[in-house]
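The values are calculated or read from the model by the stated rules, or taken from the named source; none is laboratory data. What you see is a predicted model; the values in this text were computed from it and never measured. Methodologically, a virtual Cβ is constructed for each residue, glycine included, from the backbone with ideal geometry; neighbour enumeration extends over all protein chains shown. Just so you know, the surface numbers come from the protein's heavy atoms only, side chains and all, with ligands and any DNA or RNA stripped out. Shrake-Rupley method; radii C 1.70, N 1.55, O 1.52, S 1.80 Å.
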Amino acid sequence: MYEICVYGAGSWGTAIANLLAKKNLNVCLCARDEKLVETMQASYQNDKYLKGVHLSQNLVFDTPKNSSIGIFAVPVKYLRGFIKQFSIKVDFALSLSKGIEEKTFLTPSGILIETLGITKEQFAVLSGPNFALEVALELPTASVVASCNKKLAKRFQNMFNTMYFRVYTSSDYTGIEYLGALKNILAIACGISDGLNLGQNARAALITRGVAEITRIFKFFGGKNKTMLGLAGIGDIILTTTGNLSRNRMLGLKLAQGLPIDEILSQLKGIPEGYNTVMAVFEFSKKYSIETPIINEIYNIIVNKKDPFESITALMSRPLKSE
């Protein structure tokens, strides 16, 4: 049994495990792919997801095992199955994942509490404007760890904080989880807009009106206003909608090129969480009568293969209203 296990050896899981290992913590990076584990053990690199980054010699690699602290970087779509497959048991759980499960509409906290048998006091989430590669390269970054358990939030804050990775605390883990999931859909929208060369005016309008939609959902589930203005809100939205390291933005750019969704997903390294999240959000926005015109059009483009220009026409010709 390890003290700390990071489950999921994608780019973000690898970067976080490496950060902790460089702080001389007892941390294991766990991957379900045994060949990837063997490759990392031999080379101390994860060129599949974080090419060119040399990993700390303190880092241990293994297939999933139980741990005192479990840090979950598994895509939300696969999170429930992953925990069941490996019968994971932890004392405390921290989520790095950003998404919403289809059908149940659960964020990672709900999935982890259900599957691990923990309470909400044993859970925290780390989120913010954080590209994995830049963290791995030790470029200045800020993030926020949230939990209803103030002592746990403080514990994780001290665990993660470095001279290049500054960590704040929050109690609004629910709001932060929804923001982390919803901003990915907005990034797809901005990728489509930029890919069609619609201009900076269009991108600014998309972000602004997209934030209005995100806010409706975020508040419906109890998110706090100050969270929206923080690192996990506006900070992460700005990064993901404009940064070229964003997989969700890249998904949008490729959709604008007219590429089939299956081909796009096969080209991208790692899963763009917005692709799965838009399915869940489209369904619960209908169920709870939440107005989400931009999100609905992204769903139509991805699922119903609607021409993006038709979606633009639909959005621009909606009935006039006050802001």
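Side notes on the structure shown:
- E134 being at pLDDT 95 or above, of a type in the set (D, E, K, R) and in contact with a strand residue (DSSP E or B) (Cβ under 7 Å, 6 or more places away or on another chain): yes
- A residue that is open to solvent by 30 Å² or more (accessible area, probe 1.4 Å) and at positive phi can be found somewhere in region 194-201.
- Hey, I207 over 28 Å from D307 (Cβ atoms) and open to solvent by 20 Å² or more (accessible area, probe 1.4 Å) or not: no
- Residue count for region 136-171 under the criterion of being hydrophobic (A, V, I, L, M, F, W, C) and outside any helix (DSSP H, G or I): the result is 10.
- Qualifying residue in region 286-308 (condition: aromatic (F, W, Y) and under 18 Å from D194 (Cβ atoms)): no
- Summed over region 66-106, residues that are of a type in the set (F, W, Y), closer than 15 Å to Y2 by Cα and open to solvent by less than 10 Å² (accessible area, probe 1.4 Å) total 1.
- Within region 104-114, the set of residues being free of Cβ contacts under 8 Å to residues at least 60 places away in the same chain, in a loop (DSSP other than H, G, I, E, B) and within 16 Å of the chain's Cα centre (by Cα) comprises just one member, L106.
- For L133, the conditions (1) open to solvent by less than 30 Å² (accessible area, probe 1.4 Å); (2) in a helix (DSSP H, G or I); (3) of a type in the set (A, V, I, L, M); (4) in contact (Cβ under 8 Å) with a residue 40 or more places away in the chain are fulfilled apart from (1).
- Subset of region 240-267 [among the polar types (S, T, N, Q) and open to solvent by 70 Å² or more (accessible area, probe 1.4 Å)]: N244, Q257, S266, Q267
- Residue list for region 268-285, restricted to those being open to solvent by less than 40 Å² (accessible area, probe 1.4 Å) and not in a helix (DSSP H, G or I): L268, G270, P272
- When N161, N130 are screened for being of a type in the set (S, T, N, Q) and within 19 Å of the chain's Cα centre (by Cα), only N130 passes.
- Put simply, of R166, R203 the only residue that is farther than 23 Å from I295 by Cα, of a type in the set (K, R) and out of contact with any Gly (no Cβ under 6 Å at 6 or more places or on another chain) is R166.
- Counting only strands (runs of 3 or more DSSP E) wholly contained in region 1-103, the ones carrying 1 or more residues that are acidic (D, E) and touching a helix residue (DSSP H, G or I) at 6+ places or on another chain (Cβ under 8 Å) occupy 60-62, 90-95.
- Test: residue in region 217-226 that is more than 30 Å from Q257 (Cβ to Cβ), buried (at least 17 other Cβ atoms within 10 Å of the Cβ) and among the small types (G, A, S): yes
- Test: E291 is at pLDDT 95 or above, part of a loop (DSSP other than H, G, I, E, B) and exposed (fewer than 14 other Cβ atoms within 10 Å of the Cβ): yes
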